[in-house]
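Novice: Please see the structure below; I have some questions.
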Amino acid sequence: MKKLFFFDIDGTLIECEKGIYEIPENTKKALDKLKRNGNDVFLATGRCKGFILDEVMKYPFSGYVTCNGAYVEYNENVIYKKIVPVEAIKKTHELCVQRNMAYYFESNDKIYVLNKDNPRHIEFKNKWGMKDEIIIDEYDINSVETYIGMIVVNSEDDIEIMLETLSPYFHIQRHQVGLSFDLTLKGESKAKGIEKLVESIQLNMNSTIAFGDGKNDIEMLKAVGLGIAMGNAHDETKNVADYITDKVDKDGIVKALKHFSFI
């Protein structure tokens, strides 16, 4: 029976912290084998499509669960999207103006920011491979369509007020490293995005396998038929996984696919 494989990007397919900005060749070959066997291969990421590194986008994925599940594509058709309310963007904007912090609101192919010249922004976008041509800092908040946000605070002292201000709108998850956070709309998740996709192609969740490492992968690994955590995964993510494989730079994906005889 056809299987649907979902792969997180950061810490799963690549590892920016270790200078791995493209999918390792062994992993690409394994994905090719999955497809030749009649399966579909998807990305499942917190990034919007325009924020996915070119080296990753070169691979011919079957579809994309992006923005932590709030924007889903299959065979170039939009399956599902959930738009961030204007009020939530305004509250984030006001907070970041007051405390000189950086924010990002992502559409499919654009990222809206407060200030392109903010040093915190420049450091963040360079570290994670955010392309300059998709970054916009002059826009009308009332007219943009976005599906997820991120925020970068200046210090631990900013976290409490950030959570107090934005928690009514977002499920806020800290990234594995640094002072950055995903602002995922309440009720949205990679798990929900996958469920919407599976429903649209009339399969069931028993046919799904997912790989991840971060806290934003927890719901996904719990929801799919087989959830696999990377060796470098957060402890909370490992705790919900059905299986723990090796790290990104140790062919973790390939090893797990062989372990379960998928390739």
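Novice: What does the accessible area per residue of the chain come to in Å², with a 1.4 Å probe and no ligands, DNA or RNA counted?
Specialist: With all protein chains present, the chain gives 43 Å² per residue.
Novice: Can you send over the carbon and sulfur percentage of the accessible area for the range 40-96, probe radius 1.4 Å, protein chains only?
Specialist: Percent of accessible area from carbon and sulfur atoms in the range 40-96: 46.
Novice: Output the relative contact order of the chain, whole-number percent, from Cα pairs under 8 angstrom with separation of 6+ residues.
Specialist: In percent, rounded to a whole number, it is 20.
Novice: Report relative contact order for the range 132-263 in percent, whole number only (criteria: Cα-Cα under 8 Å, sequence separation at least 6).
Specialist: Computed over the range 132-263, the figure is 15 percent.
Novice: Could I ask something else about it? Among the DSSP beta bridges whose two residues both lie in the chain, what percent are antiparallel, rounded to the nearest 5?
Specialist: Percent antiparallel among DSSP bridges in the chain is about 55.
Novice: Round to a whole number: what % of the accessible area of the range 122-263 belongs to carbon and sulfur, probe 1.4 Å?
Specialist: Solvent-exposed carbon and sulfur of the range 122-263 make up 45 percent of the total.
Novice: For the range 158-201, what class follows from the C-alpha gyration tensor (a ≥ b ≥ c being the square roots of its eigenvalues): rounded when a/c is under 1.5, otherwise prolate if a/b is larger than b/c, else oblate?
Specialist: Here the range 158-201 falls in the oblate category.
Novice: Using the Cα centre as the reference, give the magnitude of the dipole from point charges on the C-beta atoms of the chain (Lys, Arg: +1; Asp, Glu: -1; all else neutral), rounded to the nearest 20 debye.
Specialist: Roughly 1000 debye for the chain.
Novice: To continue, here is another question. How many percent of the alpha carbon pairs in the range 1-125 exceed a separation of 22 Å? All intermediate terms of the calculation are to be shown ahead of the outcome.
Specialist: Values: 3474 of 7750 pairs.
Here the tail beyond 22 Å accounts for 45 percent of pairs.
Novice: Which far-off residues, 5 or more places away or on another chain, put their amide H under 5 Å from the one on N115, with H placed in the peptide plane?
Specialist: HN-HN under 5 Å from N115: Y103.
Novice: Continuing with the same structure: Name the GluC sites (Glu not before Pro) in the range 1-99 that are in a loop by DSSP and that have at most 16 other C-beta atoms within 10 Å, would you?
Specialist: When the GluC sites (Glu not before Pro) of the range 1-99 are filtered for loop state and at most 16 Cβ neighbours within 10 Å, E22, E76 remain.
Novice: Can you work out the PRE-style zone for D157? Point 7 Å along Cα to Cβ, and I want the residues of the range 86-112 with backbone N under 13 Å.
Specialist: 99-100
Novice: Step through the residues of the range 52-57 one at a time and calculate ³J(HN,Hα) from phi using the Karplus curve (6.51 cos²θ - 1.76 cosθ + 1.60, θ = phi - 60°), rounding each to whole Hz and writing x for Gly and Pro.
Specialist: Those phi angles translate into 6, 4, 4, 5, 7, 5 Hz.
Novice: Given H placed on each backbone N at 1.01 Å, which residues far from A233 in sequence or on other chains put an amide H within less than 5 Å of it?
Specialist: none
Novice: Next up: Fully extended, how many nm does the chain gain between R36 and I141 (0.36 nm per residue separation, minus their Cα-Cα distance)?
Specialist: Extra length from R36 to I141 when fully extended: 33.3 nm.
Novice: Mind running the shape call on the range 50-111? Use the C-alpha gyration tensor, a ≥ b ≥ c as the square roots of the eigenvalues: rounded below 1.5 for a/c, prolate if a/b tops b/c, oblate otherwise. Provide the component values of the computation, followed by the final result.
Specialist: Working: a/c = 4.29, a/b = 1.88, b/c = 2.28.
Taking the square roots of the gyration eigenvalues as a ≥ b ≥ c, the range 50-111 is oblate.
Novice: Expected output is a single nm value to one decimal: the length gained when fully extending between E87 and H259, i.e. 0.36 nm times separation in residues minus the C-alpha distance. What is it?
Specialist: Between E87 and H259, full extension yields 57.2 nm more.
Novice: log₁₀ I(q)/I(0) of the range 112-252 at q = 0.11, 0.12 Å⁻¹, via Debye over equal Cα point scatterers, no solvent, to two decimals?
Specialist: Each listed q maps to, in turn, -0.53, -0.63.
Novice: Just to check I understand the Karplus step: with θ = phi - 60° and J = 6.51 cos²θ - 1.76 cosθ + 1.60, what whole-Hz values come out for the range 144-159, glycine and proline as x?
Specialist: Each residue's phi maps through the Karplus curve to give 8, 10, 10, 10, 7, x, 9, 9, 10, 8, 7, 7, 4, 5, 7, 5 Hz.
Novice: Tell me, what are the semi-axes, in whole angstrom and largest first, of the equivalent ellipsoid of the chain as set by the roots of 5 times the Cα gyration tensor eigenvalues?
Specialist: Listed largest to smallest, the semi-axes of the chain are 30, 19, 17 Å.
Novice: Shape of the range 90-189 from its Cα gyration tensor (a ≥ b ≥ c, root eigenvalues): rounded if a/c is under 1.5, otherwise prolate when a/b > b/c, or oblate?
Specialist: Rounded, since a/c falls under 1.5.
Novice: How large is ³J(HN,Hα), in whole Hz, for each residue of the range 71-88 in order, when computed from phi with the Karplus curve 6.51 cos²θ - 1.76 cosθ + 1.60 and θ = phi - 60°, using x for Gly and Pro?
Specialist: 9, 10, 10, 9, 6, 6, 9, 6, 8, 7, 8, 10, 8, 5, x, 4, 4, 5
Novice: What's the angle, to the nearest 10 degrees (0 to 90), between helix 25-36's Cα axis and the longest principal axis of the chain?
Specialist: For 25-36 against the chain, the angle is about 60 degrees.
Novice: Here's another thing I want to ask about it. Compute the distance from the alpha-carbon center of the range 1-29 to that of the range 80-102, in whole Å.
Specialist: 30
Novice: So for the pair N100, E55, with labels modelled 7 Å out along Cα→Cβ, what separation do we get in nm?
Specialist: Simple spin-label model gives 3.4 nm for this pair.
The values are calculated or read from the model by the stated rules, or taken from the named source; none is laboratory data. As the structure is a prediction and not an experimental result, all values here were calculated from the model. A quick note on method: Cβ atoms are made from the backbone with ideal geometry, for glycine too, and the neighbour counts reach across all protein chains shown. What goes into the accessible areas is simple: the full protein's heavy atoms, side chains included, and nothing from ligands, DNA or RNA. Shrake-Rupley method; radii C 1.70, N 1.55, O 1.52, S 1.80 Å.
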